[in-house]
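Single-structure report; data block below.
The values are calculated or read from the model by the stated rules, or taken from the named source; none is laboratory data. Bear in mind the structure is a predicted one, so any value in this text is a computation, not a measurement. Cβ atoms come from the backbone with ideal geometry, glycine included; neighbour counts cover every protein chain shown. Calculation scope for accessible area: heavy atoms of the full protein, side chains included, ligands and nucleic acids excluded. Shrake-Rupley method; radii C 1.70, N 1.55, O 1.52, S 1.80 Å.
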Amino acid sequence: MSDAKKLPRPPQVTLSGWVAIVGSVFVVFNAFSVVANLRSIENRERLSETLSRDPLKSTGITLEQALEVMHVSALVSGACGAAAAILGIFVLQRHHQARIALSVVVFPLVIAGMVTGDLLSPMVAVCAALLWTRPARDWFNGIAPTPPERRTPPPPRQEPPRREAPDVPPTPPITGGTSDEPRPYSGFGTPSGAVADPERPAAEAGPAPAYPGPYPYAAQPAPRPGDVLRACLATWLTSSIVLVGCLVAVIGFATWPDAVREMVESEPMLAEAGLSAHDVRVASIVMAILFGLWALGAMGLAIFTMMGHNWARVLLICSAACAGLLCLLMALSAPMVLVFGAAAAYTIYALSVKPVAAWFRERSAARKVR
């Protein structure tokens with residue numbers, strides 16, 4: 001087996017491949033469901049009500065034409081979903097053509113999913129886009145990931161060897177002679193009026209200065225990439241806005257039941273569905289609470305992501321992908337949510353680039369060592 005086949009699969013490829021496979025299978029099931037219930041009375045009434053409103057009212061599309069468009073879209077969605085599920089299996093086996101084909105298939109899949117009301121086709125498209133990030137491209141091209149740059153310290157300084165002065169026997173007392181005669185000197189150097197002892201060489205320079213202490217250039221961990229901070233800031237900002245909106249919605253629905261009653265009376269679709277003002281009020285409060293908990297969870301994941309936990313990064317990418325999908329579905333009725341969709345897309349990109357993934361791998365390896 002060649003070295004290229006031994007390369008570890010990046011987490012982006014693994015996550016994208018499996019999500020594309022599972023999502024495409026559900027897309028196929030949804031297509032079968034749409035075709036089976038296409039001519040039902042409930043579907044015809046709902047479609048007629050939709051065609052009687054703007055902006056479809058002015059297009060002149062009849063009910064039969066709309067049913068035919070939905071039928072064709074369901075068939076296209078099912079065929080593309082089946083193809084995407086098969087291509088996802090080959091993508092996990094590093095087939096270049098499968099990655100290209102999956103990227104092409106998602107375009108009709110998303111367009112057909114918008115007609116049939118499929119919620120998972122945009123998620124498959126996001127997974128196909130993640131297959132073109134730099135770590136995924138390097139893996140498909142057989143390029144080994146570059147290890148993160150680490151600050152390697154220079155080798156420590158070696159102390160010079162010390163030369164000990166040879167042991168010299170004590171000088172015997174001088175007998176005879178006068179005090180004016182020179183006498184041997186056993187110390188260092190040759191002072192004035194003394195001669196050097198030929199049996200004891202002069203000592204060399206004194207001992208080298210002691211080493212100043214522990215090595216000052218200890219290895220420092222790699223700094224946190226700026227993309228991690230920016231992605232977490234985008235998550236905290238958008239999640240805070242969503243959390244505040246959910247709190248306002250809960251307080252509003254709980255405090256002003258008359259406004260909910262007027263809203264239900266002004267919407268014929270709610271009345272035809274048999275929903276009372278109480279049902280709409282309770283469902284709205286529950287949905288607001290769920291979205292608020294989702295926002296709190298995303299903020300908590302951003303905190304753990306800042307701390308370098310790879311599992312939090314993966315979960316935050318999944319949360320951003322689901323949020324971006326929801327924003328795409330709500331963009332037709334509320335275009336302002338595209339701002340939140342753009343923030344979710346940037347979060348996915350920033351947490352999937354190669355330096356960020358390498359930094360998280362280094363942090364995970366450091367925790368295992370500890």
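Starting from residues that are in contact (Cβ under 8 Å) with a residue 24 or more places away in the chain and closer than 17 Å to ALA66 by Cβ, keep the ones in the range 32-42 and report whichever is most open to solvent (accessible area, probe 1.4 Å).
ARG39
If ILE348 meets every condition in (1) open to solvent by less than 40 Å² (accessible area, probe 1.4 Å); (2) free of Cβ contacts under 8 Å to residues at least 24 places away in the same chain apart from one, which number is that one?
Of the numbered conditions (1) open to solvent by less than 40 Å² (accessible area, probe 1.4 Å); (2) free of Cβ contacts under 8 Å to residues at least 24 places away in the same chain, the odd one out for ILE348 is (2).
Tally time: how many residues in the range 315-329 are over 24 Å from ALA136 (Cα atoms) and open to solvent by less than 80 Å² (accessible area, probe 1.4 Å)?
Number of matching residues: 3.
Are there any pairs, at least 6 apart or on different chains, whose C-beta atoms fall under 6 Å, with the first in the range 92-108 and more than 18 Å from LEU120 (Cβ to Cβ) and touching a residue at least 24 places away in the same chain (Cβ under 8 Å) and the second open to solvent by less than 20 Å² (accessible area, probe 1.4 Å) and among the aliphatic types (A, V, I, L, M), and if so, which?
ARG99/VAL91; ARG99/LEU131
I'd like the full set of residues that are open to solvent by less than 60 Å² (accessible area, probe 1.4 Å) and either in contact (Cβ under 8 Å) with a residue 24 or more places away in the chain or touching a Phe, Trp or Tyr at 6+ places or on another chain (Cβ under 9 Å) (or both), limited to the range 351-370.
Result: LEU351, SER352, VAL353, LYS354, VAL356, ALA357, ALA358, TRP359, PHE360, GLU362, SER364, ALA366.
Tell me whether the range 301-308 contains one or more residues that are more than 16 Å from VAL242 (Cβ to Cβ), without any contact (Cβ under 8 Å) to a residue 60 or more places away in the chain and of a type outside the set (A, V, I, L, M).
Scanning the range 301-308 turns up at least one residue that is more than 16 Å from VAL242 (Cβ to Cβ), without any contact (Cβ under 8 Å) to a residue 60 or more places away in the chain and of a type outside the set (A, V, I, L, M).
Of the conditions (1) open to solvent by 40 Å² or more (accessible area, probe 1.4 Å); (2) within 18 Å of GLY117 (Cβ to Cβ); (3) of a type in the set (A, V, I, L, M); (4) at pLDDT 80 or above, ILE61 clears all except one; give me its number.
For ILE61, the failing item is (4).
Do you know which residues across the range 337-352 are closer than 15 Å to VAL242 by Cα and of a type in the set (Val, Ile, Thr)?
Matches in the range 337-352: VAL337, VAL339.
Would you be able to tell me the number of residues in the range 1-52 that are aliphatic (A, V, I, L, M), part of a helix (DSSP H, G or I) and at pLDDT below 80?
3
Would you be able to say whether some residue in the range 332-340 is closer than 18 Å to CYS127 by Cα and loosely packed, with under 15 Cβ neighbours inside 10 Å?
Looking through the range 332-340, none of the residues is closer than 18 Å to CYS127 by Cα and loosely packed, with under 15 Cβ neighbours inside 10 Å.
What pairs come up if the first residue lies in the range 110-121 and is under 15 Å from CYS322 (Cβ atoms), the second is open to solvent by 60 Å² or more (accessible area, probe 1.4 Å) and at pLDDT 80 or above, and their beta carbons are under 6 Å apart, counting only those six or more places apart or on different chains?
Pairs found: LEU120/PHE26.
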